[in-house]
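Novice: Can you read through this structure? Questions will come right after.
The values are calculated or read from the model by the stated rules, or taken from the named source; none is laboratory data. If you're wondering where the values come from, they're calculated on a predicted model, not measured in any experiment. A quick note on method: Cβ atoms are made from the backbone with ideal geometry, for glycine too, and the neighbour counts reach across all protein chains shown.
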Amino acid sequence: MNATSLLSDRALGMDSSGIRRVFELGATLDKPINLSIGQPDFPVPDALKNAAIEAVATDLNGYSLNQGLPDLVVRTTEYLQHDVGWTCGPPKDADSPTVLITAGTSGALVLAYMSLLDAGDEIIIPDPYFVSYPELATMCGAEAVRCETYPDFKMTAERVAPLITERTKAVLYCSPSNPAGVALSEQECAELLELCRSRGVLLIADEIYDEFAFADARTQAAVGDAGDLRCPSPARLPGSEDTVLLIRGFGKTYGCTGWRLGYCAGPASVVNAMIKIQQYTFVCAPTPLQAGVLAAFDTDMGPTVQAYAQRRDMICETLGEVTEVARPDGAFYAFVKVPERLGMTGTRFFERCVEENVLVIPGGVFSERDTHIRLSYATDPARLAEGLEIIGRLMSD
Ligand SMILES: Cc1ncc(COP(=O)(O)O)c(C=O)c1O
């Protein structure tokens, strides 16, 4: 039997060749300086580990409700009240936003796409984008319309407005972003929210890196404690809960990407549809690990984020002298331009790096363009310095 002939258009339409090539080449290297990794290099805080261990030991190992472990739903609801000022209610209450605990941020994205997009519908995504954004649209038979954000990587209302059509269901943006680490300002959040509201489309805010925003990108939060400095979010603007689907995750912030935990909140009609689809797909997020991340809300990652800001500075200082680097506001990536005078694509430059035992990701993996590379600085600072020295030299040649 030729099993390939059985594959769906959905599966055939998805392309993982770019990132696979990076892994394949990476596997051929001996102890490379690995600046390609998209997960933090610190251990999960003990409070989370202990809470998860206790949950397993006390037999909290069955399914949770589709919406999530009740304690975690309540804690997330309280947190959102404090952080963005939303009063989330039970899933059946159509007038208030609702919380859903998901299998990673990816789980929330899958459910959101499946809840919103029919064949032929459009979702506007940034370019460069997180790799799943276009592929999930393909999975739904929908179209991901790319919003060019070069060279500053800001998905502004001005750039999005001309792309909205009668087929547009949602605008998806990420702040701080992957692959550039750039965040929108309060003003830019407000303009994007107003655009989406006026055009009747949902604004999906992927804020997986919200806790990983550096001090200089934080502003006084409109709600929450006085003196609480946060990464700007459209969710914090008055009346946003009928237009914003907020998606966040625990994996990147607390170093537990393998636990597969995230959450989302937004209009009850949309979140209810997501809960329904969760019921027939993921069923629920991993139950004992939901108990584990309950401890996250009382865990301060400030010192870790500050250490990452120093690595960000190291990148901007070293490579800023030889090329363009949009200064990252958060996350742990920098999207670095391959100097035009080298006459190389991002992929060609990536190959040059591999020859020097340095692993990065070519920008074409995240974009229609292949002019940049993505560096992850979730790596030991001494190794990072070595890698930057080599990349700087290759860029100066
Ligand atoms: C912007 C963005 N959104 C979502 C995800 C998915 O994260 P998770 O591991 O929580 O599914 C990632 C992971 O790299 C990401 O960078």
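Novice: Please verify whether D71 is acidic (D, E), farther than 30 Å from T168 by Cα, more than 16 Å from the ligand (Cβ to nearest atom) and assigned by TED's automatic domain parsing to the domain that holds T243, treating the condition exactly as stated.
Specialist: yes
Novice: Going through L60, L35, L48 one at a time, which residue ends up being touching a residue at least 24 places away in the same chain (Cβ under 8 Å), over 19 Å from the mean Cα position of the chain (by Cα) and within 16 Å of the ligand (Cβ to nearest atom)?
Specialist: L48
Novice: Right, next: What is the one condition in (1) more than 16 Å from the ligand (Cβ to nearest atom); (2) surrounded by 21 or more Cβ atoms within 10 Å (Cβ to Cβ); (3) of a type in the set (S, T, N, Q) that T102 does not satisfy?
Specialist: Only one criterion in (1) more than 16 Å from the ligand (Cβ to nearest atom); (2) surrounded by 21 or more Cβ atoms within 10 Å (Cβ to Cβ); (3) of a type in the set (S, T, N, Q) is unmet by T102, namely (1).
Novice: Now, a different point. Return the residues of the range 255-271 that are assigned to a helix (DSSP H, G or I), within 13 Å of the ligand (Cβ to nearest atom) and among the hydroxyl-bearing types (S, T, Y); say none if nothing qualifies.
Specialist: The answer is T257, and nothing else.
Novice: Now for a different question. Could you list, in sequence order, the residues of the range 23-47 that are touching a helix residue (DSSP H, G or I) at 6+ places or on another chain (Cβ under 9 Å) and modelled with pLDDT under 85?
Specialist: L25, G26
Residue by residue, here is whether (1) in a helix (DSSP H, G or I); (2) closer than 11 Å to A291 by Cβ; (3) touching a strand residue (DSSP E or B) at 6+ places or on another chain (Cβ under 9 Å); (4) of a type in the set (A, V, I, L, M) holds:
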{"site": "A51", "(1), (2), (3), (4)": "yes, yes, no, yes"}
{"site": "A55", "(1), (2), (3), (4)": "yes, yes, no, yes"}
{"site": "N61", "(1), (2), (3), (4)": "no, yes, no, no"}
{"site": "L72", "(1), (2), (3), (4)": "yes, yes, yes, yes"}
{"site": "T76", "(1), (2), (3), (4)": "yes, no, yes, no"}
{"site": "L80", "(1), (2), (3), (4)": "yes, no, yes, yes"}
{"site": "K92", "(1), (2), (3), (4)": "no, no, yes, no"}
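Novice: Scanning for something surrounded by fewer than 24 Cβ atoms within 10 Å (Cβ to Cβ), out of contact with any strand residue (DSSP E or B) (no Cβ under 6 Å at 6 or more places or on another chain), more than 23 Å from C88 (Cα to Cα) and at pLDDT below 95, does the range 260-280 turn up at least one residue?
Specialist: No: zero hits.
Novice: Here is a further query. For the condition crowded, with 23+ Cβ neighbours inside 10 Å and more than 18 Å from S240 (Cα to Cα), what is the one hit in P162, P179?
Specialist: Only one candidate passes the filter, namely P179.
Novice: Please return the ranges of helices (runs of 4 or more DSSP H) entirely within the range 147-254 where 1 or more residues are farther than 21 Å from P97 by Cα and within 16 Å of the ligand (Cβ to nearest atom). I'd like the intermediate steps shown before the answer.
Specialist: Working: elements: 157-160, 186-199, 251-254.
Those helices (runs of 4 or more DSSP H) span 251-254.
Novice: Another question, then. Check T102 against each of (1) closer than 22 Å to N178 by Cα; (2) assigned to a helix (DSSP H, G or I) and name the one condition it does not meet.
Specialist: Of the numbered conditions (1) closer than 22 Å to N178 by Cα; (2) assigned to a helix (DSSP H, G or I), the odd one out for T102 is (2).
Novice: On to the next question. Test C147 against the criterion of being in contact with a Lys or Arg (Cβ under 6 Å, 6 or more places away or on another chain) and without any contact (Cβ under 8 Å) to a residue 60 or more places away in the chain, and give yes or no.
Specialist: Judged against the criteria, C147 is a match.
Novice: Another question, then. Tell me yes or no: at least one residue of the range 125-135 is within 16 Å of the ligand (Cβ to nearest atom) and without any contact (Cβ under 8 Å) to a residue 24 or more places away in the chain.
Specialist: Within the range 125-135, one or more residues are within 16 Å of the ligand (Cβ to nearest atom) and without any contact (Cβ under 8 Å) to a residue 24 or more places away in the chain.
Novice: Right, here's the next one. Would you mention how many residues in the range 21-32 are of a type in the set (K, R) and either within 16 Å of the ligand (Cβ to nearest atom) or part of a loop (DSSP other than H, G, I, E, B) (or both)?
Specialist: Within the range 21-32, the subset of a type in the set (K, R) is 21, 31.
Next cut, either within 16 Å of the ligand (Cβ to nearest atom) or part of a loop (DSSP other than H, G, I, E, B) (or both) only: 31.
So the answer is 1.
Novice: Report whether or not Q279 is of a type outside the set (G, A, S) and away from the ligand (no atom under 16 Å from the Cβ).
Specialist: It is true that Q279 is of a type outside the set (G, A, S) and away from the ligand (no atom under 16 Å from the Cβ).
Novice: Still on this structure, please answer the following. Can you say whether T168 is surrounded by fewer than 21 Cβ atoms within 10 Å (Cβ to Cβ) and at pLDDT 95 or above, as far as the supplied structure shows?
Specialist: Criteria met by T168.
Novice: While we're looking at this one, here's another question. When you scan the range 285-397 for helices (runs of 4 or more DSSP H) that lie fully inside it, which ones turn up with 1 or more residues that are among the charged types (D, E, K, R)?
Specialist: Hits in the range 285-397: 302-320, 346-355, 381-396.
This table checks each residue for (1) within 20 Å of V84 (Cα to Cα); (2) out of contact with any Cys (no Cβ under 8 Å at 6 or more places or on another chain); (3) not charged (D, E, K, R).
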{"position": "D228", "(1), (2), (3)": "yes, yes, no"}
{"position": "S233", "(1), (2), (3)": "yes, no, yes"}
{"position": "G249", "(1), (2), (3)": "yes, yes, yes"}
{"position": "C256", "(1), (2), (3)": "no, yes, yes"}
{"position": "R260", "(1), (2), (3)": "no, yes, no"}
{"position": "A265", "(1), (2), (3)": "yes, no, yes"}
{"position": "A291", "(1), (2), (3)": "no, yes, yes"}
